[in-house]
Amino acid sequence: MIIAIDGPAGSGKSTIAKLVAKDMGLVYLDTGAMYRLVTLKALNEGILGNDGLNELDKIKKLLDDLNIDIRENRFYLDDADVSEEIRKPVVSENVSDVAAIREVREKMVDLQRKFSESKNVILDGRDIGTVVFPNADLKIFLVADAKERAKRRYRELIEKGENVEIEEIYENILKRDKIDSTRKESPLKKAKDAVEVDTTSKSIEEVKNEILRMVNSNI
């Protein structure tokens, strides 16, 4: 079984996917983290500047030597655990630009499909139900008000000890929404056969149970 959960930043995709995977005994793949790994690699190599994306040729070359791994929901870049580092604001500010590059998306989609072969898997991202697995057994599209998504991300970062401003996070979410939904390569959009779930005023438990009912009805 393949379950696809798509939606914009902060809509609750990763949180819900992890919980559903645990309850149902599914393999979980955080595809957004894969793009964050590429972004972190580009930042570490000085390929991304303060003004955003530059030196596209170097980013494309970076893919040839990319060494990433996912083990027990921990994320590794060049054999180093960077699970916390990929969630830092500087990565969030640049990941949408990196994810919009065709060669990056092709590389990540190929890895996502290989990882999911012969598994009961739940994946979350922005193009899982439309591009990566258009024939997924169940497609869900999570949405939430942008201000609520900013509050969630703010609380998450504060709990991790980050010094952040909620206004900056809100602006970043709006920017990411625009880039993700208007990019040429695999834009964020709801698959025609996806079930939309608005998480704005729902608790994590309510959303999880709603999706578990959908999963059980598709078994």
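We did not get these values from a lab; they are worked out from the coordinates using the rules stated. Since the model is a prediction, treat every value here as computed from it, not as a measurement. Glycine also receives a Cβ, built like all others from the backbone with ideal geometry; neighbour counts cover every protein chain displayed.
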- Query: Amide H to amide H, which residues 5 or more places from Arg183 or on other chains are under 5 Å from it, using H placed in the peptide plane?
  - Reply: Leu188
- the range 75-100-the range 158-182 distance, computed between alpha-carbon centres (Å): 14
- Message: Take the residue pairs Lys22/Lys190; Lys114/Lys175; Lys18/Lys151; Lys107/Lys192 and return only those whose Cα atoms are more than 27 Å apart.
- Response: Lys114/Lys175
- Theoretical gain in end-to-end length, Lys60 to Ser83 [0.36 nm per residue, Cα-Cα removed]: 6.0 nm
- Listed values [x] 17.6; [y] 18.8; [z] 19.8, entry calculated as Kirkwood radius over Cα pairs in Å: [x]
- Would you mind calculating the relative contact order of the chain from Cα pairs under 8 angstrom and at least 6 residues apart, reporting the percent as a whole number? 34
- Counting DSSP beta bridges in the chain, what percent are antiparallel, to the nearest 5? 30
- Message: Report the gain in length on full extension from Asn218 to Glu167: 0.36 nm times residue separation, minus Cα-Cα distance, nm rounded to one decimal.
- Response: 14.3 nm
- Item | FRET efficiency estimate (nearest 0.05) - Cβ-Cβ, Asp23 to Thr182, R0 41 angstrom | 0.70
- What nm distance separates the two modelled labels at Ile204 and Asn67, each placed 7 Å from Cα along Cα→Cβ? 3.4
